[in-house]
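Student: First the structure, then my questions, so here it is.
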Amino acid sequence: MLAALTWALGGLALFAKGSQLTMILGRADPAWAVLAVATGIGVGALKARFVFFRFCRRNLDRIAALEAPRIWQFFRPQFFAALALMIAAGAILSKLALYSFATLVFVAALDLSLATALFSSLLAFRSRAGQHE
């Protein structure tokens, strides 16, 4: 449940940030905003299918194999370190996006693609939960 909650909250945060950047982009050039949204959703769906679903399933299998799981074991320690780096990189990219139109398009699409992948991957958690009922 904590892994799914982390995934959902990350998706919400990225969706909010990507939407905000897309609105800024839309004021400058609506066509680029539409392209960023379409690209973000398309790439995100592919990421979910070919990367994130597999990650979710492996993590759920790892958790299920723990003899006495502890609350902090819902992700491996390396994941938490990577998450901190991804958050820092995202913050830096968002600041850079305000100074370059090309970076704005890229970061908006990137944030929306990650949000789409995270939301779509929640299906892996849901399907796994259904197996245990």
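Student: Given a 1.4 Å probe and every protein chain left where it sits, what share in percent of the accessible area of the chain is carbon and sulfur?
Tutor: Exposed carbon and sulfur together represent 72 percent of the surface.
Student: Give the peptides 77-87, 94-104, 30-40 in descending order of average Cβ contacts within 10 Å, highest first.
Tutor: Most protected by this proxy first, the peptides run 30-40, 94-104, 77-87.
Student: Please sort through the DSSP H helices of the chain and keep those with an alpha-carbon extent of at least 15 Å along the long axis and a Kyte-Doolittle average not below 0.0.
Tutor: Taking the DSSP H segments of the chain (at least 15 Å long, mean hydropathy at least 0.0), we get 2-28, 30-47, 77-97, 101-131.
Student: Return one whole number: the accessible area per residue of the stretch 17-68 in Å², for a 1.4 Å probe.
Tutor: 63 Å²
The values are calculated or read from the model by the stated rules, or taken from the named source; none is laboratory data. Please read these numbers as outputs of a predicted model, since none were measured by experiment. No Cβ is skipped: glycine too gets one built from the backbone with ideal geometry, and neighbour counts run over all protein chains shown. The area values use the complete protein model at the heavy-atom level, side chains included, leaving out ligands, DNA and RNA. Shrake-Rupley method; radii C 1.70, N 1.55, O 1.52, S 1.80 Å.
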